[in-house]
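Every number here is computed from the coordinates shown, using simple stated rules; none is lab data. All figures in this text were calculated on a predicted structure; none of them were measured in a lab. Here the Cβ positions follow ideal geometry from the backbone for every residue, glycine too, while neighbour counts run over all protein chains shown.
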Amino acid sequence: MKKLLIAVFGALSLVSCQQNQREGKPKLVVGIVVDQMRQEYLYKYQDRFSEGGFKRLMSEGFMFQNAHYNYTPTYTGPGHASVYTGTTPANHGIIANDWYVRQLGRSIYCAEDSLVSNVGGSAKSGKISPRNMRSTTITDQLRLATGKQAKVVGVAIKDRGASLPAGHMGDAYWLDKATGEFMTSTYYTDVLPQWAQDFNAQKRADHYLSQTWETLYPIETYTQSTAGDDNDFEGPFIGKDDTAFPYDLSALKDDNGGYDLVASTPYGNDLTLEMAKAAIEGEQLGQGDVTDFLALSFSSPDYIGHRFGPSSVELEDNYLRLDLALADFLAYLDQTVGEGNYLIFLTADHGVADIPDYMQSENIPAGGLDMRFITTQLRGFTNDKFGPGNWIENVSNDQIFFNRKLAAEKGISIESMQRQVADFLLRFDGIKETYTGTDMMRENYSYGKKQLLQMGYSHKYSGDVIVILEPAWLSSSWKGTTHGSGYTYDTHVPVMFYGWGVRAGRSSQYHTITDIAPTLAVMLEIGMPNATTGQPLTEILD
Ligand SMILES: [Zn+2]
């Protein structure tokens, strides 16, 4: 009988676990975006992860192992906007970090807002708001659903990493590169809250910039870093000839952007988490009657990844340190909000390409496109074809913008010009496909890179001709690396849920990162962001 009872109880608890019952609401949602984190890093570095950091999310949470960005370009601004709006740039409007606007004759920045000014920090870093993002975020929906009682706070070193996730109705704080302080803008408030002023008074950025960055463990144990510590592929800091540990930060500070330097070290992650804790305490996040939302973004992995690449000792050290910082933060949430009372999701805004020169050194096809040379060739071609004139108005984000005024004056069809330029560009090594703006507006692509392009295409602001490069090619040839493509190294990112209402599990089904926001909407029982195109992740909901 006793045995039977145990069996029955065992079965019951299994059922309730599988049904994933959610009662009430979480006290706090913590959204974590790790800037430039590939999904594979979770496996690559896991042997030396602690039990309480990434591994805790991997083993006790639900991990989607095959989640991707479903548009191009895979950049930071579009990435954060897409996670939080549940849709792609074609709908939310953040089509790049900066994009050319014909009517203005200049590029605008994704989080720029000329109508607002700095609160704290310096004037230069203060013209920031989420106004260019045209759809609501999951954080907006939470504010709307709770009569604005839910508190929403975004924290990141990068302004766009804080302001886009916090949505149109939340608060956002980012690091001022001139003063090393966290700041906000008049879009949000007129005075920096006392808790933020108190945090800034501690001068934590100064503390970190007085450190020497050395590896956490003996350097010979960094076996995941196949390119070696000192090599020609990585981009050195100004004032240091090599790319080898250690990095004396106080000696490097003045030549490398002052406080900007802290962003290029793992200490940037620690600084972000200290500010996050100050926000939790200052705003009493997770202590009220309704669910609050903390939107965190770790910017430093991106800076480190650009400079040193995915096979570097520096990046390995970043993730080992971030893991410990994350473990500390989870333990802190257990204490302040209570284990089981908070819901976490962790993802990234994009991945990254390997350094092309390094790939070539391993016999993998890769390369750097010389866009200046190609633009010069293109000017020659358009002059020959359409007569003398400045036909190319702008080249940015792998897109060509024509001088439409000139075309109108000369009576030349934009569509035919687009076609001819698109065909011309295919002759260059490294360019794989070209599409025209007319293609993007007229066709309905359902697969391949062209579909990703269309999901990121703006009828108002995108270019006349768009270029897709070969795998592992970059449209720059400087040391270090970048991201932006629709290839797996850029699209495949972690998507993990942990905590309130989430059972442990894994899924290798294909999902898109636009599924995160509608999943949260179902869990929190609030409306989906207004332009959502993603679908709730049924594996963790049903
Ligand atoms: Zn980046």
Proximal charge balance of GLY154 [Cβ under 13 Å; K/R count +1, D/E count -1]:
-1
Among DSSP bridges having both ends in the chain, what percentage is antiparallel? Round to the nearest 5.
50
Read phi for every residue in the stretch 48-61 and hand back ³J(HN,Hα) as whole Hz from Karplus 6.51 cos²θ - 1.76 cosθ + 1.60, θ = phi - 60°, with x for Gly and Pro.
10, 6, 6, 6, x, x, 3, 5, 5, 5, 5, 8, 9, x
Log entry: pair-distance distribution for the stretch 27-130, C-alpha pairs binned every 5 Å from zero, whole % per bin is 2, 9, 15, 17, 16, 14, 10, 9, 5, 2, 0
The stretch 214-225 - phi-based ³J(HN,Hα) in whole Hz, Karplus 6.51/-1.76/1.60, Gly and Pro as x
10, 5, 5, 10, x, 4, 5, 8, 8, 7, 7, 9
Suppose only helical runs count, i.e. DSSP H with n ≥ 4. What mean residue ellipticity at 222 nm does that imply for the chain under -39500 (n - 2.57) per run, divided by all residues and rounded to the nearest 500 deg cm²/dmol?
-10000 deg cm²/dmol
Please give the FRET efficiency for ASP542 paired with ASP423, using the beta carbon to beta carbon distance and R0 = 35 Å, rounded to the nearest 0.05.
0.10
Please work out whether the stretch 50-198 counts as rounded, prolate or oblate from its C-alpha gyration tensor, where a ≥ b ≥ c are the square roots of the eigenvalues and a/c under 1.5 means rounded, while otherwise a/b larger than b/c means prolate and anything else oblate?
oblate
Per-residue Cβ neighbour rank within 10 angstrom, fewest leading, ASP255, ASP140
ASP255, ASP140
Quick check: net charge around THR76, other residues with Cβ under 10 Å of its Cβ, Lys/Arg +1 and Asp/Glu -1?
-1
Multiply the residue gap between SER210 and ASP289 by 0.36 nm, knock off their C-alpha separation, and tell me the result in nm, one decimal place.
24.3 nm
Mind checking the alpha-carbon convex hull of the stretch 367-471 and giving the volume per residue in Å³?
96
Using amide H atoms built in the peptide plane, which far-off residues or other-chain residues are under 5 Å from THR74 H to H?
GLY484, SER485
Given backbone amide H placed at 1.01 Å from N, residues whose amide H is under 5 Å from that of VAL465, ignoring those fewer than 5 places away on the same chain, are ILE400, GLY437
Which residues' amide hydrogens lie under 5 Å from the amide hydrogen of VAL29, considering only partners 5 or more residues apart or on another chain, with H built in the peptide plane?
ASP292, PHE293, LEU294, LEU343
Proximal charge balance of ASN256 [Cβ under 12 Å; K/R count +1, D/E count -1]
0
P(r) for the chain, please, calculated from all Cα pair distances in 20 Å bins and given in %.
21, 54, 22, 2, 0
Using the Karplus curve 6.51 cos²θ - 1.76 cosθ + 1.60 with θ = phi - 60°, what ³J(HN,Hα) values do you get for each residue of the stretch 491-496, in whole Hz, with x for Gly and Pro?
9, 8, 10, x, 9, 10
10 Å-binned pair-distance histogram of the stretch 408-518 (Cα, whole percent)
11, 32, 29, 17, 7, 2, 0
On the formula 1/(1 + (r/R0)^6), with r taken between the Cβ atoms of VAL191 and TYR332 and R0 of 30 Å, the FRET efficiency rounded to 0.05 is 0.65
Give the calculated FRET efficiency between LYS124 and PHE373 to the nearest 0.05, with a Förster radius of 35 Å applied to their Cβ-Cβ distance.
0.55
